[in-house]
Amino acid sequence: QVQLEESGGGSVQTGGSLRLSCVASGRTFSSYAMGWFRQAAGNEREFVASIRWSGRGTLYADAVRGRFTVSGDSAENTVYLQMNDLKPEDTAVYYCATAPSGSDYRNWNHYYVWGQGTQVTVSS
């Protein structure tokens, strides 16, 4: 099955930027779309953004629209999350995950493989 590994997290000040990467390895043929989710301490896991490997059908949570951009490079089996104008409320562990076709990409339980997560901390 596919394996996912996130990287690029870190600590930044309010207004700063980070770029997260997620590399898929192993058997990736069943991976149709990639999603980014985040989970802050004490909160539920929430949808951030998603993209099909084709590049079509990007989705964003209202909280990040206009600040975050999701993109993918199918040739490199890598998806990215460019995060600009970061705010303290963006502080969370960020996870990438893969879903099959026909999924509700905003719903975490439609994803079948998850990465380990990468911590993003935004200080004011």
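Among (1) assigned to a loop (DSSP other than H, G, I, E, B); (2) open to solvent by 50 Å² or more (accessible area, probe 1.4 Å); (3) not charged (D, E, K, R), which single condition is Gly16 missing?
(2)
Going through the stretch 98-109 one residue at a time, which ones are of a type in the set (Gly, Ala, Ser) and open to solvent by 10 Å² or more (accessible area, probe 1.4 Å)? If you could, list the steps in order and put the result at the bottom.
Pass one, the stretch 98-109, residues of a type in the set (Gly, Ala, Ser): 99, 101-103.
The answer is Ser101, Gly102, Ser103.
Arg106 is checked against (1) out of contact with any strand residue (DSSP E or B) (no Cβ under 7 Å at 6 or more places or on another chain); (2) part of a loop (DSSP other than H, G, I, E, B) and fails just one. What number does that condition carry?
In the conditions (1) out of contact with any strand residue (DSSP E or B) (no Cβ under 7 Å at 6 or more places or on another chain); (2) part of a loop (DSSP other than H, G, I, E, B), Arg106 misses (1) alone.
Can you confirm whether the stretch 66-83 contains a residue that is exposed (fewer than 15 other Cβ atoms within 10 Å of the Cβ), basic (Lys, Arg) and farther than 21 Å from Gln3 by Cα?
no
Name the residue, out of Asp90, Asp104, that is touching a helix residue (DSSP H, G or I) at 6+ places or on another chain (Cβ under 6 Å) and over 17 Å from Glu5 (Cβ atoms). Even if it seems obvious, please write down each step before you answer.
Working: Asp90 fails: touching a helix residue (DSSP H, G or I) at 6+ places or on another chain (Cβ under 6 Å).
Asp104 is the lone residue from the list that is touching a helix residue (DSSP H, G or I) at 6+ places or on another chain (Cβ under 6 Å) and over 17 Å from Glu5 (Cβ atoms).
Does the stretch 23-35 hold any residues that are exposed (fewer than 14 other Cβ atoms within 10 Å of the Cβ) and of a type in the set (Phe, Trp, Tyr), and which are they?
Step one: list which residues in the stretch 23-35 are exposed (fewer than 14 other Cβ atoms within 10 Å of the Cβ), which gives 25-27, 29-30.
Answer for the stretch 23-35, where residues must be exposed (fewer than 14 other Cβ atoms within 10 Å of the Cβ) and of a type in the set (Phe, Trp, Tyr): just Phe29.
Please verify whether Tyr95 is farther than 19 Å from Gln1 by Cβ and either surrounded by 15 or more Cβ atoms within 10 Å (Cβ to Cβ) or not β-branched (Val, Ile, Thr) (or both), treating the condition exactly as stated. So that I can check it myself, show each step before the final result.
Details: farther than 19 Å from Gln1 by Cβ: no; either surrounded by 15 or more Cβ atoms within 10 Å (Cβ to Cβ) or not β-branched (Val, Ile, Thr) (or both): yes.
Judged against the criteria, Tyr95 is not a match.
Quick one: count up the residues across the stretch 52-91 that are in contact with a Phe, Trp or Tyr (Cβ under 9 Å, 6 or more places away or on another chain) and in a strand (DSSP E or B).
13
Checking the structure you have, find out if any residue of the stretch 36-49 is without any contact (Cβ under 8 Å) to a residue 40 or more places away in the chain, part of a strand (DSSP E or B) and open to solvent by less than 60 Å² (accessible area, probe 1.4 Å).
yes
The values are calculated or read from the model by the stated rules, or taken from the named source; none is laboratory data. Treat the numbers as computed from the prediction; the structure is a model and nothing was measured. All Cβ positions, glycine included, derive from the backbone under ideal geometry; neighbour counts span all protein chains shown. Ligands, DNA and RNA are stripped out before the accessible areas are found, and what is left, the full protein with its side chains, is counted by its heavy atoms. Shrake-Rupley method; radii C 1.70, N 1.55, O 1.52, S 1.80 Å.
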